[in-house]
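Before any comments, here is the structure.
The values are calculated or read from the model by the stated rules, or taken from the named source; none is laboratory data. These numbers come from a predicted model, not from an experiment. All Cβ positions, glycine included, derive from the backbone under ideal geometry; neighbour counts span all protein chains shown.
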Amino acid sequence: MPRKPTPPRLARDRKRLADGNWYIYWTEGGRSREHSTGTGDRDQAELYFAEWKLRRFRPDRAVEPHEFYVTDAVSHYLAKRFDDVTDPERLANAAKPIIRFFDGYAVGDINDVLIKEYCQKRRKSRRDKGLKDGTLRRELSLLSTAIRRAEEDQLITRKITVRLPPKPEGRIRFLTCDEALRLIRVSRSFDTPLEDGVPTESKTEHLTLFLRIGLLTGQRKEAILSLRWSDIDFHSNIIYWNPVGRRRTKKERPSSRLPARLKKHLLCRRRRFPVDEFVVTHRGKSLQNVKRAFRTAVVAAGLETEGDRKVVPHTLRHTCATWLMQKGAPKWDACGFLGMTHETLEKNYGHHHPDHQRGAADAI
């Protein structure tokens, strides 16, 4: 009697259980089969396994949710989105815990009890100690979107609702003028190296420029780091954050006025490094991230790196929006300048505006 078929599973190389690559093992046609993922990293192997199953077992018609694996839905979504998103690494990181937990579950298995179990397990995990509700919400949002995409692409007959944790409440962290000045000062305080007695670019000079642009334009990290000199019109004083040819995403990128306070710093940078293509560079090369340098400056400035008041690159956007409201800028102008909807501006920053609830307060 032929051997009973068994579904694919992920396991270490049987010949090197301690440090070998991860393999996919299954039984088919009465024979044991195996396929290497080519990696010894469990997370990377999980992603490869999910993509492999999707390629091998993708149905040619829509199936019921209980016939379609969650990992296949997530892999399909990642394959569609990876070339579009500005931060693929962040998307992959959000997918990893989903793939680990839901491996073996079908889309039709998802319910409130299973989602609650996922949240509890993530919070108890030693690896994810201190996990916040916002992180869980982002991960489960990816799961929900993946299921919806599977239905839209006719892989499943209907979608399953994923109930998300409530949005975390609380004030948005922004920098005071004193904190912003401290951050800029420490980013400039590192010694400038010399080459043949001539000053060259310091290790964190690119961070100083990044801070100034972030604080004075309120744009996201990805928009700042991808900004080219050709995107800035110094004669008309306009910055084109979404140049011709760039793929549009849900993250709005406006064309905004170039603040006079920022213009002088940009012109100075341009004169010093005339051959650079990108605005924020280090040793002439564009940057994908400033996380390490930013954190170093935050620590040196005596600002928070953990908890609800931690300062991260996106804090610069919060700060710019808050300052605009505190200075009484017209809200529609602020929306256009930041590339932000009026609803988001009003909800998160509107209370800083001098006119906020003034009519009601004066009427009392």
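At a glance:
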{"quantity": "Given (1) under 28 Å from H318 (Cα atoms); (2) at pLDDT 85 or above; (3) out of contact with any Pro (no Cβ under 9 Å at 6 or more places or on another chain), number of the condition L140 does not satisfy", "calculated": "(3)"}
{"quantity": "Residue in the range 52-62 that is in a helix (DSSP H, G or I), of a type in the set (A, V, I, L, M), closer than 26 Å to T145 by Cα and at pLDDT below 85 present", "calculated": "yes"}
{"quantity": "Options A106, A79; residue that is under 20 Å from K159 (Cα atoms), free of Cβ contacts under 8 Å to residues at least 40 places away in the same chain and assigned by the TED database to the domain that holds H66", "calculated": "A79"}
{"quantity": "Test: residue in the range 295-304 that is on the phi > 0 side of the Ramachandran plot and not polar (S, T, N, Q)", "calculated": "yes"}
{"quantity": "Considering residues of the range 18-33 that are part of a strand (DSSP E or B) and at pLDDT 85 or above only, the residue nearest to the chain's Cα centre (by Cα)", "calculated": "W22"}
{"quantity": "Residue count, the range 77-112 (criterion: buried (at least 18 other Cβ atoms within 10 Å of the Cβ) and assigned to a loop (DSSP other than H, G, I, E, B))", "calculated": "1"}
{"quantity": "Tally of residues being charged (D, E, K, R) and under 21 Å from F49 (Cα atoms) across the range 97-150", "calculated": "5"}
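Yes/no per residue for (1) closer than 25 Å to H342 by Cα; (2) under 22 Å from the mean Cα position of the chain (by Cα); (3) hydrophobic (A, V, I, L, M, F, W, C); (4) in the same structural domain as G218 (by the TED database):
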| residue | (1), (2), (3), (4) |
| --- | --- |
| F234 | no, no, yes, yes |
| R257 | yes, no, no, yes |
| R261 | no, no, no, yes |
| L287 | no, yes, yes, yes |
| T305 | no, yes, no, yes |
